[in-house]
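The values are calculated or read from the model by the stated rules, or taken from the named source; none is laboratory data. The structure presented is a predicted model; accordingly, all values stated were derived computationally and were not measured. No Cβ is skipped: glycine too gets one built from the backbone with ideal geometry, and neighbour counts run over all protein chains shown.
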Amino acid sequence: MNYKEFNKILICPNCSSSVIETTQGFSCSGECKSNYPVYHEVPVMISPTNPVFNIADFADATPPAIFFNAYKNPVLQFLKKIRPDVTLNVVSKKNYAAIALKLQSIKKPRILIIGGSIDGKGIRALKDHLPANTILVESDVAHGPNTNIIIDAHQIPFQDQCFDLVIAQAVLEHVLDPFLCVKEIHRVLKPGGFIYAETPFMQQVHGGKYDFHRFTHLGHRRLFRQFREENSGLIAGAGSMMAWSLLYFITSFSPNKKVDKALSYLGSFASFWLKYFDYLLNQNKSSYDAACGLFFLGIKEPNYLLPDQELLSSYRGHKS
């Protein structure tokens, strides 16, 4: 989707004023007068005071890939294709299909995907069943095949209450302040709008230096305490957690980055089979205490705030 479809709801991420479209991109109409260029046909709505990302970082002739590599070598592409995944995720597709049904009654839904440079697991079950007039904004801090706007989730450059659904799949572990990001998500959602998030609990570092947080089931629920819960649960259980642990035990023997990559690739074949225990273990509540990842689907209701006592009573594990 071209940014022309959603440029009318953009705001300045630096001061929240409206923006004016120019020949180079967008310009803040407020006091800060910040300018936001369009590179590779993608608006870069990053605040000039952003402590992590610089607008100029996205101006390269070859768009940078921060979190993933798009291999051009056919041999590397083949090796990547046959590499087994160490995570067993059997619920994302089902969850997205359920969300698609919830959106059918909305005449012209607006959806914001945070971290949407590439398709997340199972998301085709949503995308393939969206109304024809859906406005789909796929944002990221990296260029990718889907990216149609560059943003930082700490400063979402969109007007208040303008989206019907926000998706943050495998994102909130990569942000500096997930609570601030969720506050921003709450701001841009319409009353009755939905948030869907998937976030790891017991999972090793991925994304290198851009990896900061993990959440237990209750920690994840409290992160979204301003949303009434529609559904929550396991994305991947203890089997996937063990597969990740064995893989990273193997890579811990790496003396340098090149060896780490080689051991990581080979280790995937040695450890992936452990994930299939999740078919059995995910039926037990104890898996919540050893989960690899969790999901949350919530709805924005005016003035709703989950009481901490109610949060504690919703514990699903067996540890005391």
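Determine which member of the set Leu297, Leu263 is in the same structural domain as Ala168 (by TED's automatic domain parsing) and under 18 Å from Asn95 (Cβ atoms). Residue meeting the stated conditions: Leu297. Applying the criterion of being surrounded by 15 or more Cβ atoms within 10 Å (Cβ to Cβ) and assigned to a loop (DSSP other than H, G, I, E, B) to the residues of the stretch 98-114, the residue that is nearest to the chain's Cα centre (by Cα) is Pro109.
Quick check on Leu305: is it surrounded by 18 or more Cβ atoms within 10 Å (Cβ to Cβ), among the aliphatic types (A, V, I, L, M) and touching a residue at least 12 places away in the same chain (Cβ under 8 Å)? Answer is no for this residue. Any idea which residue in the stretch 26-45 is modelled with the lowest pLDDT, counting only those that are of a type outside the set (D, E, K, R) and within 28 Å of Lys127 (Cα to Cα)? The selected residue is His40. When you look at Arg214, is it surrounded by fewer than 23 Cβ atoms within 10 Å (Cβ to Cβ) and farther than 29 Å from Tyr276 by Cα, yes or no? Criteria not met by Arg214.
Among the residues of the stretch 140-159, the ones that are of a type in the set (S, T, N, Q) and either over 15 Å from Ile113 (Cβ atoms) or assigned to a strand (DSSP E or B) (or both) come to 2 in all. Listed by position, the strands (runs of 3 or more DSSP E) enclosed by the stretch 5-60 that each have at least 1 residues that are in contact with a helix residue (DSSP H, G or I) (Cβ under 6 Å, 6 or more places away or on another chain) and β-branched (Val, Ile, Thr) are 42-45.
The residues listed here are Leu274, Leu280, Leu297, Leu266; of these, the one that is under 26 Å from the mean Cα position of the chain (by Cα) and in a helix (DSSP H, G or I) is Leu274.
Does Val182 meet the test of being part of a helix (DSSP H, G or I) and either in the same structural domain as Ile46 (by TED's automatic domain parsing) or of a type in the set (A, V, I, L, M) (or both)?
It is true that Val182 is part of a helix (DSSP H, G or I) and either in the same structural domain as Ile46 (by TED's automatic domain parsing) or of a type in the set (A, V, I, L, M) (or both).
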